[in-house]
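Have a look at the structure below, then the notes.
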Amino acid sequence: MKRYYIIPLMILAAFVTSCTLDSERYGAINTSFFPANAEDCDALVVGNAYAYFRSDSYDGLYCSNHDGIHVLSDMASDIGQCTWDPSLWNELITLSPDANLTHGVVKLYRNNIKGLTQMTNTLARIEPVEMEAGRKATMKAELYCARGWLAYILYDNFGPLQIASKEQLENPAKKIPEPRKTKEETVKYIEDNLLAALEGDALPVVLKKGDARYGRFTQALVHMVLMKFYMHEGRWADAEAQGRELMDSKYGFGLMSNYKDIFTLENEGNKETIWSCECATGINEQLWVTHVMPSDYPHKNQNMSLWGGGYKLNWPFMDTFDPEDKRLETIITEYVSTSTGETLNRDNPGKRFIQGAIPLKYAEDPAQIGDGSQIDWIVFRYADALTLLAEAIVRNEKAVTQEAVDLLNQVRTRSLPGKGYSIADFADVKAFLDAVLLERGHELWFEGTRREDLIRHGVYIEYMKKYKDSKTAAPHMVLWPLPQDVINEGGGLVHQNPGY
């Protein structure tokens, strides 16, 4: 009896250390013993839902290496550059994807598509367990949120998904090839899951730093994911409704006074944060500063490991900033090397500024030892919602409105006081949408929005050619290829995205 109980605990531990969890091992759970109570069920939810949405060293969708969705998005745009191994980065930097690679963006599909099945199995496993009804409803809502959100991320990057059928779930050992669903089926799957997460108010409206369950999913998070999803689908009225919901006073969201203060240890859980990956020393640590800060930069904490500053902000993108923009305070464009005493900048780049500026964004963690920071990684924040709402209103109304201009100015004038737009500044809808796209770039660099923004605005391939000098960019590359091994295993039932 004891031996059977240990099996699922070992599986959950494997998730925490990022080992692969395949269907056979998951199917090894003896459901006559586990889950037996609410605590067991909660462990399953954490291991099979939250494990994907974390920023934990090299693990999780929001980790700081090139498996992180925010890194993938912005490197594969006009914003990002990287000075490290071209064999690992060129497919993103130059937009030259290869379905046969074993690293990079194809891993995003391979490593995460199984999560949809694991979440479905977990929903089935917790259903018969006796517990307080409200607690079960919350767990189910968390799984619906995770399943809908993960499906949206994969759909945004790869298009229609493989979603396990009832037959496949009931016969995991048969390894039945699962064809991709249609676009309409995938869209319905995403929306149904996210809306189910909101049913019955099972999720808390928001959670504040210090709450015992801080870091768990909330209604605010679901509304934000729905807003992103509706923007992706061009459902402007639905997106607008989600944005207006997030402005409701019950959520308590607002903009921080100073941009650079958003990303500091002392301001974790600030009023601008809609949801973040909670990080803690020795448990979940994000590695952003270690990836971007050069070792010879004059930093305060000498216990940090710094790797030479591989990530950059493309110089052509930097040229679009107003010199008075306070967001530049989080970007390193010049410093005196602690190794040589030389002033390094764009004119005298050395090794540090050849391809771009240094995207610091997050402050130093004063307690950091080694490469991991305990500063929570912010996934969604209010400035993102406000600028999307401004865009949705104008797209929905097919006209520039004063309300939309005011919403955009809330974000813009925080960093450029006295330089807000007036409605007369925009000759037409396109001029306003261009301004939104630029403002979101300045506001949200390396927060994982740029690729989807450029695609939504219809300029992705154009920008990759113009600002990244891509010789391979082609219209079909608004979607990544599925891994070739997934196509091969499909036995002719799983079809590759067009153009690959």
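The values are calculated or read from the model by the stated rules, or taken from the named source; none is laboratory data. As the structure is a computational prediction, the values presented were derived from the model and not from experiment. Here the Cβ positions follow ideal geometry from the backbone for every residue, glycine too, while neighbour counts run over all protein chains shown. We work out accessible area using only protein heavy atoms, side chains counted, and drop any ligands, DNA or RNA first. Shrake-Rupley method; radii C 1.70, N 1.55, O 1.52, S 1.80 Å.
Quick look at the numbers
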{"read-out": "Distance violations [Cα-Cα > 18 Å] among Lys300/Lys361; Lys260/Lys468; Lys326/Lys361; Lys208/Lys300; Lys208/Lys271; Lys209/Lys271", "value": "Lys260/Lys468; Lys208/Lys300"}
{"read-out": "Directionally averaged projected area (convex hull, Cα atoms, segment 123-162), nm²", "value": "3.1 nm²"}
{"read-out": "Taking the chain and dividing mean pair separation by its residue count, relative contact order in percent (alpha carbons under 8 Å, at least six apart)", "value": "20 percent"}
{"read-out": "Computed [θ] at 222 nm, helices only, for the chain once each DSSP H run of length n ≥ 4 contributes -39500 (n - 2.57)", "value": "-13000 deg cm²/dmol"}
{"read-out": "Computed magnitude of the charge dipole of segment 296-350 (debye, nearest 20; Cβ of K, R +1, Cβ of D, E -1)", "value": "260 debye"}
{"read-out": "Fraction of accessible area attributable to carbon and sulfur, the chain (%, probe 1.4 Å)", "value": "53 percent"}
{"read-out": "Which label in (i) 76, 55, 39; (ii) 68, 54, 49; (iii) 71, 49, 46 gives the computed Cα extents along the principal axes in Å", "value": "(ii)"}
{"read-out": "Per residue accessible area of the chain, 1.4 Å probe, in Å²", "value": "40 Å²"}
{"read-out": "Coarse-grained scattering of segment 269-332 at q = 0.17, 0.21, 0.26 Å⁻¹, given as base-10 log I(q)/I(0) from a Debye sum over alpha-carbon atoms", "value": "-0.89, -1.11, -1.13"}
{"read-out": "Exposure rule at most 13 other beta-carbon atoms within 10 Å, DSSP loop GluC sites (Glu not before Pro): the chain longest free segment", "value": "133-323"}
{"read-out": "Distance between segment 27-100 and segment 390-456 - C-alpha centres, whole angstrom", "value": "30 Å"}
{"read-out": "Accessible-area value, Thr338, 1.4 Å probe, nucleic acids and ligands omitted, Å²", "value": "90 Å²"}
